[in-house]
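A short reminder: the numbers here are calculations on the coordinates, not readings from a lab. Computed from a predicted structure; not experimentally measured. All Cβ positions, even for glycine, are placed from backbone atoms using ideal geometry, and neighbour counts span all protein chains on display.
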Amino acid sequence: MKMITVAGPPSSGKTSVILRLAESLKASVGVVKFDCLTSFDRQRYEDAGIPVQIGLSGKFCPDHFFVNNIEGGVSWGLRRGFDVLITESAGLCNRCSPHIVGITAICVVDALSGVRTPRKIGPMLKFADVVVVTKGDIVSQAEREVFSWSARQANGAAHILSVNGITGQGAFMLAKKVREAKDITTIADARLRFTTPAAACSYCTGETRIGEYYQMGMMRSMEYDA
């Protein structure tokens, strides 16, 4: 089974890209969707005939939740006999790092989000193998080129592709990259490409009161001008 990780900011078009990618692959595809509080994508995947598992992290960091549960997702994909397993992450804080060494990594970014956005996104773009730009049909050619240049500044090693989530234009080229992914039988002992966001503090364990007296563990304080 091939495995692909897909990450990107909220509403950048990740689900639409995955649906169009699955059409182009013409293979048995399964999806594990990681989200925070709720997800409305189950019906979209089921309508397309794609088996899906939904995981909601709730109060936990989505990256930590991903690491806790991804091995079970791979086991599910192997039991179901998928040709390709695709994981879709929440990617809410732009610091997320749900990419794994040796596993093809895709980051989806929205051309409407601003030409500087790629350089504001952390490991989920900087360590991706492929950067997919969506909604490029809505902006001008000049804006598309500047956006792609900004993505190359953030990750000079990645392949940058444009995919239209509505028409599917560009999904064929993305499918070619996915077909090049290596087959896996397990991800036990695999490593993340970058560390997850770090926090182990009183607020992680349920504290809601504000004040230095209530703050314990891993904290970071700003320095303000006098």
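Please give the length that would be gained between residue 179 and residue 137 if that part of the chain were fully extended, namely 0.36 nm times their separation in residues minus their C-alpha to C-alpha distance (nm, one decimal).
12.5 nm is the gain from fully extending residue 179 to residue 137.
Once you charge only the Cβ atoms, +1 for Lys and Arg and -1 for Asp and Glu, what is the size of the charge dipole of segment 137-188 about its Cα centre, to the nearest 20 debye?
180 debye
If each residue of separation counts as 0.36 nm, what is the full-extension length gain between residue 205 and residue 56 once their alpha-carbon separation is subtracted?
51.8 nm
Which FRET efficiency value, to the nearest 0.05, is calculated for residue 69 and residue 226 with the Förster distance at 45 angstrom and r the Cβ-Cβ distance?
The calculated FRET efficiency here is 0.45.
Of all the Cα-Cα pairs you can form in the chain, what percent are over 27 Å apart?
Cα-Cα pairs in the chain separated by more than 27 Å: 34 percent.
Among 107, 90, 78, whose Cα sits farthest toward the positive end of the charge dipole of segment 2-195 (+1 at Cβ of Lys/Arg, -1 at Cβ of Asp/Glu, about the Cα centre)?
About the Cα centre, the residue reaching furthest to the positive side is 107.
Just name one of 128, 201, 66: the one whose Cα is farthest towards the positive end of the charge dipole of the chain (beta-carbon charges, Lys/Arg +1, Asp/Glu -1).
So the residue furthest toward the plus end is 128.
Give the peptides 88-95, 180-187 in descending order of average Cβ contacts within 10 Å, highest first.
The packing order, highest mean first, is 88-95, 180-187.
How big is the charge dipole of segment 99-226 about its Cα centre, in debye rounded to the nearest 20, if each Lys and Arg gets +1 on its Cβ and each Asp and Glu gets -1 on its Cβ?
Dipole of segment 99-226, to the nearest 20 debye: 360 debye.
Give me 124, 222 ranked fewest to most by other Cβ atoms within 10 Å of their Cβ, as a rough exposure proxy.
Lowest count first: 222, 124.
Could you give each residue of segment 117-125 its phi-based ³J(HN,Hα) in whole Hz, using Karplus coefficients 6.51, -1.76, 1.60 with θ = phi - 60°, and x for Gly or Pro?
4, x, 7, 9, 8, x, x, 5, 9
Among the aspartates and glutamates, which fall within straight-line cross-link reach of residue 177, defined as a Cα-Cα distance under 13 Å, with same-chain neighbours fewer than 8 residues apart omitted?
Candidates past the 8-residue exclusion: 129.
Enumerate the lysines that residue 176 could reach by cross-link, defined here as Cα to Cα under 20 Å, with residues fewer than 8 away along the same chain left out.
2, 14, 26
Listing 96, 36 from the residue with the fewest other Cβ atoms within 10 Å to the one with the most, what is the order?
By the 10 Å Cβ count, ascending: 36, 96.
Excluding residue 42 itself, what net charge comes from residues whose Cβ is under 13 Å from its Cβ, given Lys and Arg +1 and Asp and Glu -1?
-3
Pairs of alpha-carbon atoms within less than 8 angstrom and 6+ residues apart define the contacts here; what relative contact order does segment 2-195 have, in percent?
29 percent
For residue 59, list the lysines whose Cα falls under 17 Å from its own Cα; do not include residues on the same chain fewer than 8 positions away.
The qualifying lysines are 33.
Pick out, from 1, 34, 214, the residue whose Cα sits farthest towards the positive end of the charge dipole of the chain, with +1 on the Cβ of Lys and Arg and -1 on the Cβ of Asp and Glu.
1
What is the dipole size for the chain, taken about its Cα centre, with +1 at each Lys and Arg Cβ and -1 at each Asp and Glu Cβ, in debye to the nearest 20?
Once rounded to the nearest 20, the dipole reads 380 debye.
So what's the back-of-envelope 222 nm ellipticity for the chain, counting only DSSP H runs of four-plus at -39500 (n - 2.57) apiece and dividing by all residues, rounded to 500?
So the calculated ellipticity at 222 nm is -8500 deg cm²/dmol.
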